[in-house]
Amino acid sequence: MPTLETPILIVGGGPVGLALACDLGFRGASCLLIEQGEGLPDHPRATALNSRSMEFMRRWGIADRVHAAGTPDGFPHTVLYCTSFAGYEIARIERPSHGGRAPIKQSPERPQRCNQLFLDPLLTELAKSFDHVELRYRCSLESVSESADRVIATVHDRANDRRFQIAANYVVDCSGGRSVIRPALGIEMGGSPYAGYFLSIFVRAPELWNHHAMGKAALVTFVDAKGLWRNLISLDGRELYRLGLTGRRYYDAPDQVNAEEFFREAVGKDVSHDILSVRRWMARNVVADRYRQGRIFLAGDAAHLNHPAAGLGLNTGLGDAVDLGWKMSATLAGWGGVRLLDSYELERRPVGIRNIGHADASHSNEFQQPTHAEIAMDTAAGAEARRKMGEELVRIQTRRVITDGLALGYQYTSSPIVCSESTGPPLSSTVEYRPTTFPGSRAPHAWLGDGRSTLDLFGNGFTLLRFGSGARQPTMMERSFAARGVPLSSVSIADPAVAALYERSLVLVRPDGHVAWRGDEDPVDSLAVVDHVRGAD
Ligand SMILES: Cc1cc2nc3c(=O)[nH]c(=O)nc-3n(C[C@H](O)[C@H](O)[C@H](O)COP(=O)(O)OP(=O)(O)OC[C@H]3O[C@@H](n4cnc5c(N)ncnc54)[C@H](O)[C@@H]3O)c2cc1C
């Protein structure tokens, strides 16, 4: 059987596999991505990119393209609850810091809506722009076997019905919820017993907003006496939507669902539209017991699955890709220590458990939401039911739909490659992010005098930020990085407001933008710090 060689084989060309290929490409590492399909998403899935994911797009230089391809700047990220567009409004949750371009305090990037229909092609284009990144379509991985120094993958090339092998130093399984690799490795998924069954109806309705007076909204949930079982998600802020139905009977017999009728009922009248496609899908809230076996790593939906209520699936997967990207590049470049790749699971699995736990709790809230037989009626009891339910929805659902604290406030505080401190870090809530340079945290954003964000300083190697009137000549820390061949750039920042935000005179930031170490003077043993943060001690 013919054999190809690659340092890194990525299995799956969904958004997480593509993001990993982009991050590796950005860092100069070679990789090969195989995808069983044609690489063109034909049915909408994830739409909501949080600020952290947009910061990754910014690092890769495609944030403007994602903004342009996604929902227009002025489109409100409103979450609306109503009986139907022709019926009664029950509640609304505004998200003024989401969408558009106006500055926000915590990030240079606002959350942006850009469905995978538009995002995946942008990631594909970026990945293909790197000479050392190769993408092969219609290639389905069938099996993997590992030896001491490499992994051999057997692949079916569906275009010509031939099999070939790929020998790789590392394999990253980004093949989603139906991974063949994870079960073959004996890795189980654990978590909530919840299983949800859904039908997703992809609709084009260019005139929809003109047909009702409730205003534009990103996410509309229709409420009736049975509860919250239908929602309509705006995919492009213009004409494309996904109507979601919850229920086993729709999942089991999608052919018997009259999509036209469901759309008409939700809208409340006849509005010109085309049903583009109908797909069923199942949601679980589970996390893999392990994210790694030997030279094989799991990322994205292959590692964790969750109900998309809180928009955390894709965003969590992009975080996995970015954590793995610099560690694999560093390992291949030779400056990553032997324990660097071990830190992937120790950093990312707790984030997976927390995010999937949040999705699970949010989802059960949705089902516990009491409704009322008269909710849609034009009676005093109906009005009272809507008032009460509206209050409850705002109280409960705000935590579900505003997750800025989860997006930016995740911390790798128990990581073996950050220099942790004895006191506990300040914690962000689900809704609200609290900036901190506590080791393991995402280094905070502040605008610099030249119009850049502090985050624009990070990405290539480590960055040592010096605040105040620190010495300019190479310090022991810089000499130690040079001695170990680890790329480092030093940046002095005089602005006292940024210095206060960063809490220490010296802050060492990793290539992924997380704080590795901080102090008010050079460490006593700077070589030991360098070895610790590169996973070599
Ligand atoms: C209806 C819906 C709405 C969602 N909304 C959101 C949201 O708003 N925000 C959010 O963050 N998340 C959301 N999600 C979740 C999000 O879509 C997923 O988390 C995300 O797509 C995971 O990306 P992935 O690349 O890990 O996996 P996938 O997108 O599943 O991609 C895996 C790829 O691997 C390929 N593949 C599989 N097996 C093989 C093989 N053996 N060989 C080669 N290739 C293979 C597949 O063809 C596929 O292209 C939503 C999900 C659904 C279903």
Say whether the condition of being in a strand (DSSP E or B), more than 30 Å from Q397 (Cα to Cα) and open to solvent by less than 20 Å² (accessible area, probe 1.4 Å) is met by at least one residue in segment 111-133.
yes
Taking the criterion of being in a helix (DSSP H, G or I), near the ligand (Cβ under 7 Å from one of its atoms), farther than 22 Å from H532 by Cα and open to solvent by less than 20 Å² (accessible area, probe 1.4 Å), would at least one residue in segment 318-328 satisfy it?
no
Segment 418-435, residues that are of a type in the set (V, I, T) and under 22 Å from S343 (Cα atoms):
V418, T423
Report whether or not A309 is assigned to a helix (DSSP H, G or I) and at pLDDT below 95.
yes
Out of D255, D270, I need the residue that is without any contact (Cβ under 8 Å) to a residue 40 or more places away in the chain, open to solvent by 30 Å² or more (accessible area, probe 1.4 Å), at negative phi and not in a helix (DSSP H, G or I). Which one?
D270
Number of the condition not met by S53 [criteria: (1) in contact (Cβ under 8 Å) with a residue 12 or more places away in the chain; (2) open to solvent by 10 Å² or more (accessible area, probe 1.4 Å)]:
(2)
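Among V286, V322, V267, which is at pLDDT 95 or above and out of contact with any Asp or Glu (no Cβ under 7 Å at 6 or more places or on another chain)? Break it down stepwise before answering.
On the way: V322 fails: out of contact with any Asp or Glu (no Cβ under 7 Å at 6 or more places or on another chain); V267 fails: at pLDDT 95 or above.
The match here is V286.
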Selection from segment 144-170 of residues away from the ligand (no atom under 11 Å from the Cβ), touching a strand residue (DSSP E or B) at 6+ places or on another chain (Cβ under 6 Å) and either closer than 14 Å to F297 by Cβ or open to solvent by 80 Å² or more (accessible area, probe 1.4 Å) (or both) yields R150, V151, R163, A168, N169, Y170
For segment 388-417, give me each residue that is in contact (Cβ under 8 Å) with a residue 60 or more places away in the chain, part of a helix (DSSP H, G or I) and more than 29 Å from G337 (Cα to Cα).
M389, G390, E391, L393, V394, Q397, T398, R400, V401, D404, L406
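For segment 523-537, name all the residues that are free of Cβ contacts under 8 Å to residues at least 24 places away in the same chain and more than 15 Å from P439 (Cβ to Cβ).
Of everything in segment 523-537, those that are free of Cβ contacts under 8 Å to residues at least 24 places away in the same chain and more than 15 Å from P439 (Cβ to Cβ) turn out to be V524, D525.
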Among the candidates Y81, Y170, single out the residue that is closer than 23 Å to L235 by Cβ and touching a Ser or Thr at 6+ places or on another chain (Cβ under 9 Å).
Y81
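The values are calculated or read from the model by the stated rules, or taken from the named source; none is laboratory data. The model shown is predicted, which means the values in this text are computed figures rather than measured ones. Glycine also receives a Cβ, built like all others from the backbone with ideal geometry; neighbour counts cover every protein chain displayed. To get the accessible areas, we keep the full protein, side chains included, count just its heavy atoms, and leave off ligands, DNA and RNA. Shrake-Rupley method; radii C 1.70, N 1.55, O 1.52, S 1.80 Å.
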